[in-house]
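The values are calculated or read from the model by the stated rules, or taken from the named source; none is laboratory data. Nothing here was measured: the structure is a model prediction, and the numbers come from that model. Backbone-built Cβ (ideal geometry, glycine too); neighbour counts: all protein chains shown. These area figures cover heavy atoms from the full protein model, side chains too; ligands, DNA and RNA do not enter into them. Shrake-Rupley method; radii C 1.70, N 1.55, O 1.52, S 1.80 Å.
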Amino acid sequence: MISSRFITTFFVLALFSCSPKTHITSYVEKSKSTVLYPFEVIYADGAYSLAGNEPLKTYDFLNWDDTVQLKGGTLLLAHYSGSFFEFQGDTTINIEPFNLKAGYEKPGYHFDNHDGVSGDSRPTLRHLFETDQHHEIYDANVPYLQFSHPQAFNLKVGPVQEVCLRWWTRNPNSQSNDYQLSILNENSELLGTKIVKGNTYKLNVRQYAKSGESNRFQITVREMGEGLKSANSMTIIFDKPNRALVDVCDIKTAITALETAYHLEYQGDTYGALSMHELATALSNKAIYSELLANFKKRYGL
């Protein structure tokens, strides 16, 4: 609970209504590479762990029961599920309740600590600070379209949800191109088409979840224009509400933009990750966001 002795408390948190997480950690019993710490520090200024009364620094881990004292500073944390958090001001932070905000209770056993966010591991933050250029630049002329939010090709959602779809191509103009979005039922019958400007689209699935009809439909996205163009499809399955869908269509906080940039880069959406790093710097005057944008540009020789 936040201490009453502090008059000013500012919380700037990641958006949770959000996305699956498409990067959910799976629990692994008796693994040799397990940890009991749900949070890792991205950045800390004026933040102290009460457990050891030590100033926190990048890559430090926090236990489930840790308490952090923030003294007029800034603290950025990554949860093992892939959610990022930001705290500012003068406040006392109890870690355990924020696991519930991220949508996860304390696991009954350990979770895996391997690199990556492909669905079986916690985020590894070191690449946010890498500056060596060693990443491949894709050929923009090769047809390629990949969904990046949500990542899976079979997506389970509640029948009244809005789903923010995002896709990318190897074309640097993919974020401003025109695309044709087609909705088909389970029998491949066309339910409707839309022309979308840019590579995100918020889909209201309610209009396709009709009682007594199929519980699934297909979304196909195709580039428009001359020549050979790329396309891809995703199946939407009506199920329980999925609170792990990050809304990349309407990002309003720097920490959510940073979280999205982090995962888009892992998924190969380089231009999308760049735009999210730029958005994070535009939404915050904190120097850490500008630093991470500069690191990203160095990694890709931009």
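Overview of values
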read-out: Conditions (1) open to solvent by less than 80 Å² (accessible area, probe 1.4 Å); (2) without any contact (Cβ under 8 Å) to a residue 40 or more places away in the chain; (3) of a type in the set (A, V, I, L, M, F, W, C); number of the one not met by Leu203; value: (2)
read-out: Among (1) over 30 Å from Phe296 (Cβ atoms); (2) of a type in the set (D, E, K, R); (3) assigned to a strand (DSSP E or B), the one test that Lys240 misses; value: (3)
read-out: Pair list, Cβ under 9 Å, 6 or more apart: region 258-286 residue closer than 21 Å to Thr169 by Cβ and acidic (Asp, Glu), other residue open to solvent by 30 Å² or more (accessible area, probe 1.4 Å) and assigned to a helix (DSSP H, G or I); value: Glu265/Leu274
read-out: Any hit, region 165-177, residues being exposed (fewer than 12 other Cβ atoms within 10 Å of the Cβ) and in contact with a Gly (Cβ under 9 Å, 6 or more places away or on another chain); value: yes
read-out: Leading residue by the ranking (nearest to the chain's Cα centre (by Cα)) among those in region 258-285 that are open to solvent by less than 10 Å² (accessible area, probe 1.4 Å) and of a type in the set (Asp, Glu); value: Glu259
read-out: The listed residue being open to solvent by 20 Å² or more (accessible area, probe 1.4 Å) and among the hydrophobic types (A, V, I, L, M, F, W, C), out of Ile251, Ile255, Ile288; value: Ile251
read-out: Out of Ala287, Ala231, Ala282, Ala254, sole residue that is among the aliphatic types (A, V, I, L, M) and within 21 Å of His79 (Cβ to Cβ); value: Ala254
read-out: Filtered residue count, region 174-200, keeping only those that are in contact (Cβ under 8 Å) with a residue 24 or more places away in the chain and not β-branched (Val, Ile, Thr); value: 15
read-out: Leu70 vs. criteria in contact with a Lys or Arg (Cβ under 9 Å, 6 or more places away or on another chain), at pLDDT 90 or above and among the aliphatic types (A, V, I, L, M); value: no
read-out: Leu36 vs. criteria open to solvent by 40 Å² or more (accessible area, probe 1.4 Å), at pLDDT below 85 and farther than 29 Å from Lys252 by Cβ; value: yes
read-out: Exclusive hit being at pLDDT below 90 and surrounded by 16 or more Cβ atoms within 10 Å (Cβ to Cβ), set Pro143, Pro150; value: Pro150
read-out: Where Glu223 falls short, out of the listed (1) at pLDDT 90 or above; (2) over 26 Å from Ile195 (Cα atoms); (3) of a type outside the set (A, V, I, L, M); (4) open to solvent by less than 30 Å² (accessible area, probe 1.4 Å); value: (2)
read-out: Complete set of residues in region 58-91 that are touching a residue at least 40 places away in the same chain (Cβ under 8 Å) and open to solvent by 30 Å² or more (accessible area, probe 1.4 Å); value: Thr58, Tyr59, Gln88, Asp90
read-out: Residue that is farthest from Lys297 (Cα to Cα), among those in region 243-268 that are charged (D, E, K, R) and modelled with pLDDT under 85; value: Arg243
